[in-house]
1. Tally Lys and Arg at +1 and Asp and Glu at -1 over the other residues with C-beta under 13 Å from the C-beta of Ala97: what net charge comes out?
2. Which net charge results when you count Lys and Arg as +1 and Asp and Glu as -1 among the other residues whose beta-carbon is under 12 Å from that of Cys24?
3. Normalised by the number of residues in segment 24-122, what is the relative contact order in percent for Cα pairs under 8 Å and 6+ residues apart?
4. Are any of the pairs Lys34/Lys121; Lys34/Lys65; Lys29/Lys121; Lys34/Lys122; Lys29/Lys82 more than 23 Å apart by Cα-Cα distance, and if so, which?
5. If you project the alpha carbons of segment 24-122 onto their three principal axes, what span does each projection cover, largest first, in Å?
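Just so it is clear, none of the values below were taken in a lab; they were calculated from the coordinates. Small disclaimer: the values here were computed from a predicted structure and weren't measured. We place every Cβ from the backbone using ideal geometry, glycine too, and count neighbours over all the protein chains shown.
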Amino acid sequence: MNQPIRPDSIISNQVKASGLTPGCANIAKDTLLKGEISKCDCMEVHGTVEGIATIGHAVVHPDGKIEGTLTAQSAEIHGTFKGTLNVNSLLKISGSASVHGTVNYGQLAVEEGADLVANIKKISAKS
């Protein structure tokens, strides 16, 4: 006898087929998101986020932009960030990135060519 198909298994298979990470907020190119994001495992930004985000892991892609406050366990910036950036563990800033504002980090890696204009402070790593 065939088992009924559960809707959550269909969605799970669709997420896997799309290449998206479950539990990850994906902000698409040409999308503007204003407001607050919290309790999110990860966030991939190809568009624009304006506001406050509290994330496990954040990636701002080369075409992505965040304006506001980002608090994350870890983050990779390849695009544009303007505001306050609080990263408890590792913050990676690529050579294509532009980061302006205030940066608080546990560990920092900055590639040659990055545009970093900020008040920078090393903080104690938090779990």
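1. Working: positive: Lys65, Lys82, Lys92; negative: Asp63, Glu76, Glu111, Glu112, Asp115.
After counting each charged neighbour, the total is -2.
2. Details: positive: none; negative: Asp41, Glu44.
Cβ neighbours under 12 Å give a net charge of -2.
3. Values: 313 pairs, mean separation 16.9, N = 99.
Value for segment 24-122: 17 percent.
4. On the way: Lys34/Lys121 27 Å; Lys34/Lys65 12 Å; Lys29/Lys121 31 Å; Lys34/Lys122 29 Å; Lys29/Lys82 18 Å.
Too far apart for the 23 Å limit: Lys34/Lys121; Lys29/Lys121; Lys34/Lys122.
5. 28, 24, 18
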